[in-house]
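Asks: First the structure, which I've put down as structure tokens, then a few questions once you've had a look.
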Amino acid sequence: ATILEGDDPTDAAIQWQATIRQGSGAALGNNGNRLHTITKATEDAPTRIADEGRRMLAKFIERGDVRDVVVAGDVVGGSTATAALQVTYTNTHTTTKSTVRSGST
């Protein structure tokens, strides 16, 4: 095994944050996302979804792992609305630009 193959650890950690629900068995402390707690059928849902994306990325920004972060939140669907979060950032370790998408019912 080598760290030169596969996903960069920072990119993998951000994808994990966007995938796992905070408070679930694998997400201890403030790890994971809280998208599942946001009521989607409200006017402020896109803003709250984007705010959650910024919260998830805060520790990576503070450590200097990522820069040029752009977060967008939206709601997809009608009565069965789903959170749509998109985070674009530049990984400072690899200097590559990456996009992570996440959604939660």
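The values are calculated or read from the model by the stated rules, or taken from the named source; none is laboratory data. The structure presented is a predicted model; accordingly, all values stated were derived computationally and were not measured. Reconstructed Cβ throughout: ideal geometry from the backbone, glycine too, with neighbour counts over all protein chains shown. We work out accessible area using only protein heavy atoms, side chains counted, and drop any ligands, DNA or RNA first. Shrake-Rupley method; radii C 1.70, N 1.55, O 1.52, S 1.80 Å.
Asks: Apply the Karplus curve 6.51 cos²θ - 1.76 cosθ + 1.60, θ = phi - 60°, to the phi angles in the range 39-47 and return the couplings in whole Hz, x for Gly and Pro.
Replies: Once θ is set to phi - 60°, the couplings for the range 39-47 become 6, 7, 8, 9, 5, 8, 4, x, 5 Hz.
Asks: Residue by residue through the range 56-71, which ³J(HN,Hα) values in whole Hz follow from phi under the Karplus form 6.51 cos²θ - 1.76 cosθ + 1.60 (θ = phi - 60°), with glycine and proline marked x?
Replies: 4, 8, 3, 5, 6, 5, 4, 7, x, 6, 9, 8, 6, 7, 10, 10
Asks: Taking amide H positions as placed in the peptide plane 1.01 Å from N, state which residues far from residue 33 in sequence (5 or more) or on other chains have amide H under 5 Å from it.
Replies: 20, 21, 22
Asks: Can you tell me the dipole magnitude for the chain around its Cα centre, using point charges on the Cβ only (Lys, Arg +1; Asp, Glu -1), in Debye to the nearest 20? Walk me through the numbers on the way to the answer.
Replies: Numbers: 11 positive and 12 negative charges, 48 e Å.
Around 240 debye, computed over the chain.
Asks: Return one whole number: the accessible area per residue of the chain in Å², for a 1.4 Å probe.
Replies: Details: 6150 Å² over 105 residues.
Heavy-atom SASA per residue in the chain reads 59 Å².
Asks: Follow-up question, since we're still on this one. How charged is the neighbourhood of residue 43? Take every other residue with its Cβ under 15 Å from the Cβ of residue 43, and add Lys/Arg as +1 and Asp/Glu as -1.
Replies: Working: positive: 40, 48; negative: 44, 51, 74.
After counting each charged neighbour, the total is -1.
Asks: Carbon and sulfur atoms: what percent of the 1.4 Å accessible area of the chain do they account for? Walk me through the numbers before you get to the answer.
Replies: Details: 3180 of 6150 Å².
On the chain, the fraction of accessible area on carbon and sulfur atoms equals 52 percent.
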